[in-house]
Amino acid sequence: LSYWLGARFSGSGRSAAENKDAGEAVADAKSSWTCSMHPQIRMPEPGQCPICFMDLIPVTEGDADGAGQTRRLSMSESARALAGIATAPAVRRSAAADIRMSGKISLDETRVEMISARVAGRIDRLFVDYTGVPVTRGDHLARMYSPQLISLQKELLEASRAASVAGENGGIVQEHTNRTFAAAQEKLHLLGFSDRELERILARGTTSEHMTIRAGQKGIVLKKLVEEGAYVQTGTPLFHIADLTTVWVKLDAYESDLVWLRLGQDVEFSVEAWPGRIFAGTVSFIDPVVDPETRTVNVRVIADNRDGRLKPDMFVRARIRAGVSKSGGVKASASLKGKWISPMHPQIVKDHPGTCDICGMPLVRAEELGYVTSGLEDVDPLLIPATAPLLTGERAVVYVEIEDAEKPTFEGREVVLGPRVGESYIVKSGIAEGEKVVVNGAFKIDGELQIRAKPSMMSPQSGASSPGHDHQDEESSGKKAPGESARGMHVPDISGEPVAEEFRAQLTDMYETYFKAAAALASDDLKGAKAKLARLAQGVAGVTHGKGRHYEAWEVSSRKIRQALEHAAHVGGMPDARRLFEKVSRHVIAVQKHYGHGGERVHYLAFCPMAFGNKGAYWLQTGKEIRNPYFGAKMLKCGEIRETYTGAAASGLEEGKQ
């Protein structure tokens with residue numbers, strides 16, 4: 001069947017001779033060999049991958065697509081269709097970032113008034129006896145009795161009489177009495193008496209023990225802090241009145257959204273109480289400090305509320321559409337260009353210089369306050385779809401279709417991206433307006449370039465590497481052999497110091513148990529591996545040794561091995577068993593380097609660079625054929641022999657190291 005299928009689909013109706021010629025042509029085209037897991041490896045002949053030691057596979061070099069253009073890939077129209085590659089042009093157009101926030105409605109703090117007692121006395125009557133009462137400026141709130149008022153009113157009446165008498169004489173006396181009369185009136189004004197009340201006192205000619213407390217502004221009584229009959233001191237708070245015709249909307253903005261926020265931006269928001277109704281406001285303040293708990297920034301919006309629909313503490317959902325400029329910033333606000341704004345009350349906007357109607361401060365140009373930015377802010381940005389760039393964390397790669405190529409050809413380019421705007425990215429450099437970028441199938445193109453050992457998303461330099469494996473950086477990558485400084489287990493030089501043959505003989509049981517544990521892991525035998533690891537601790541404990549500096553390394557290694565194997569019987573699974581074995585292997589290898597082993601058998605130090613997430617790991621074994629305990633059947637042959645240790649009997653009681 002396979003012969004027939006091969007003839008049917010490979011031969012395509014050609015003669016045997018034609019098929020033979022085609023096969024020879026293909027064989028001739030196999031000019032290099034690569035690794036299926038590391039395609040950047042290119043070797044001129046078959047062998048093993050110098051990184052993972054897997055068998056190399058032949059690579060058929062295609063036609064000279066894009067010769068001299070290593071980042072280019074050409075394909076047929078049918079291949080393009082099968083890969084599902086789609087393109088879209090890079091366009092320069094207007095764009096807007098859609099920023100959504102949430103928050104609550106709050107009082108306009110500039111429109112809140114506290115009514116307090118200006119003299120000590122007793123509250124005899126409350127005209128506003130519950131909260132929520134709407135009042136206007138001058139409305140009576142309460143009536144208070146105070147003995148202090150009697151003396152002040154007598155002073156006013158006496159000053160009035162003196163002024164009338166002095167008016168008949170004129171001169172300096174009249175001027176003095178007039179000033180005294182005006183001062184007496186001002187004292188009562190400051191206590192809250194109106195001109196009309198003073199006129200009544202003067203017309204009546206007698207004093208009154210009571211005074212009326214009045215509202216200083218229009219608004220709603222939010223708090224009533226006193227009851228009838230209560231005695232109060234000077235300065236005691238009585239009422240809180242807030243003008244709700246204007247409210248604040250306090251929103252929480254994430255740090256990533258701050259690039260799109262500016263003073264003076266228009267905001268749309270909605271509340272649950274009025275579904276379908278969209279309210280509008282203006283950004284008047286952006287908090288200069290980030291909340292350390294929520295990692296957000298408070299944004300204040302001023303909103304008109306003359307119809308009274310917005311209530312303090314209502315939840316709101318807000319939206320800001322920020323126009324995006326060429327540089328990735330916010331476009332200038334055309335409505336505020338050339339305007340003059342109050343720095344403390346940004347709702348005060350005028351067409352000319354002047355003073356604030358609320359605080360009297362001089363107005364400042366909108367450009368100086370940050371409401372209007374300058375530069376190339378009116379130029380539209382260059383945009384590409386968000387699916388076009390391949391992001392690696394360090395760079396962004398975009399594949400661009402070459403328009404004048406004979407067949408579909410795509411070139412990889414590194415681009416500098418600005419912020420993401422909806423379903424598009426701003427491109428600062430790397431491609432030009434009108435060029436077509438791949439928006440679907442870019443990963444397939446990149447994968448094909450990796451297989452061909454050309455520069456790609458993850459390999460931006462050159463895809464090909466020199467044959468062999470470079471070990472010069474193993475120390476920096478943590479892949480030095482155990483017993484060396486990179487593993488944190490420095491082995492002192494004890495060459496020339498004799499090792500007792502009896503001591504080496506005692507190590508035999510430890511080595512044998514260790515090799516059985518390695519074989520169990522290579523066979524994916526978890527139960528057997530756990531048993532051998534538990535048995536290894538006993539073998540280590542049974543070794544006795546002499547005294548002196550020569551055996552200090554054994555004391556350290558044996559203690560470390562026993563500590564590591566304390567819970568060997570409770571290992572949960574194969575990954576845990578292999579991590580434990582790697583930890584034990586470090587110390588067993590250190591013992592091998594120090595003291596060697598007895599008998600004639602040869603021990604081999606093997607290394608797998610892909611173990612434990614490409615960190616690499618060593619182990620000892622008794623044969624030259626790699627049997628990887630860290631991968632088992634999954635990658636049994638992955639690894640290489642690094643060192644060879646000859647037994648003491650075969651080397652004349654000298655630690656052999658070839």
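What whole-number value in Å² describes the accessible area per residue of the range 499-559 for a 1.4 Å probe?
48
Starting from the Cα of Gln506, step 7 Å along the direction of its Cβ; do the same at Glu186; then give the gap between the two resulting points in nm.
10.6
By per-residue mean of other Cβ atoms within 10 Å, what is the highest-first order of 562-572, 246-256?
Put in order of decreasing packing, that is 246-256, 562-572.
Starting with the highest mean, order 626-637, 270-281 by the number of other Cβ atoms within 10 Å, averaged over the residues of each peptide.
626-637, 270-281
Where does the charge balance sit around Phe612 when Lys and Arg score +1, Asp and Glu -1, over other residues with C-beta under 10 Å from its C-beta?
+2
Can you give the FRET efficiency to the nearest 0.05 for Gln148 and Glu552, using r as the Cβ-Cβ distance and R₀ = 56 Å?
Calculated value: 0.05.
At 1.4 Å probe size, with every protein chain present, just tell me what the per residue accessible area of the range 189-269 comes to in Å². Working shown, then result.
Details: 4080 Å² over 81 residues.
I get 50 Å² per residue for the range 189-269.
Would you pull out the residues with amide H under 5 Å of Gly418's amide H, same chain only if 5 or more places away, H placed 1.01 Å from N?
Excluding prolines and chain starts, which carry no amide H, the hits are Ile426, Val427, Lys428.
Apply the Karplus parameterisation 6.51 cos²θ - 1.76 cosθ + 1.60, with θ equal to phi minus 60°, to every residue of the range 573-578 and state each ³J(HN,Hα) to the nearest whole Hz, in sequence, with x for glycine and proline.
Working through the residues one at a time gives x, 4, x, 5, 5, 6 Hz.
Between His176 and Ala386, 0.36 nm times their residue separation minus their Cα-Cα distance comes to what?
Values: separation 210, 0.36 × 210 = 75.60 nm, distance 8.34 nm.
Full extension of this stretch gives 67.3 nm more.
Roughly speaking, to the nearest percent, how much of the range 76-139's 1.4 Å accessible area is carbon and sulfur?
It is 49 percent, rounded to a whole number.
Any idea of Lys104's accessible area? Nearest 10 Å², probe 1.4 Å.
Its heavy atoms expose roughly 90 Å² to the probe.
What FRET efficiency, computed as 1/(1 + (r/R0)^6) with R0 = 56 Å and r the Cβ-Cβ distance, is obtained for Ser270 and Ala432, rounded to the nearest 0.05?
0.85
Measure off, as a whole percent, the carbon and sulfur share of the 1.4 Å-probe accessible area of the range 548-594, all protein chains present.
The C+S portion of the solvent-accessible surface of the range 548-594 is 46 percent.
Per 0.36 nm of contour for each residue apart, how much would the distance between Ala96 and Asp291 grow if the chain were fully extended, relative to their Cα-Cα spacing?
Fully extending the segment from Ala96 to Asp291 adds 67.5 nm.
If you count, for each residue, the other Cβ atoms within 10 Å and average over each peptide, how do 498-504, 110-116, 586-592 line up from highest to lowest?
Numbers: 498-504: 14.6, 110-116: 16.1, 586-592: 23.9.
Going from most to least packed, we get 586-592, 110-116, 498-504.
Subtracting the Cα-Cα distance from 0.36 nm times the residue separation, let me have the gained length for Gln347 to Ser256 in nm, one decimal. Intermediate values should be presented prior to the final figure.
On the way: separation 91, 0.36 × 91 = 32.76 nm, distance 2.67 nm.
Extra length from Gln347 to Ser256 when fully extended: 30.1 nm.
Kindly report, to the nearest 10 Å², the accessible surface of Ser523 as traced by a 1.4 Å probe over protein heavy atoms only.
Here the residue's solvent-accessible area equals roughly 70 Å².
The values are calculated or read from the model by the stated rules, or taken from the named source; none is laboratory data. These numbers come from a predicted model, not from an experiment. Cβ atoms come from the backbone with ideal geometry, glycine included; neighbour counts cover every protein chain shown. The area values use the complete protein model at the heavy-atom level, side chains included, leaving out ligands, DNA and RNA. Shrake-Rupley method; radii C 1.70, N 1.55, O 1.52, S 1.80 Å.
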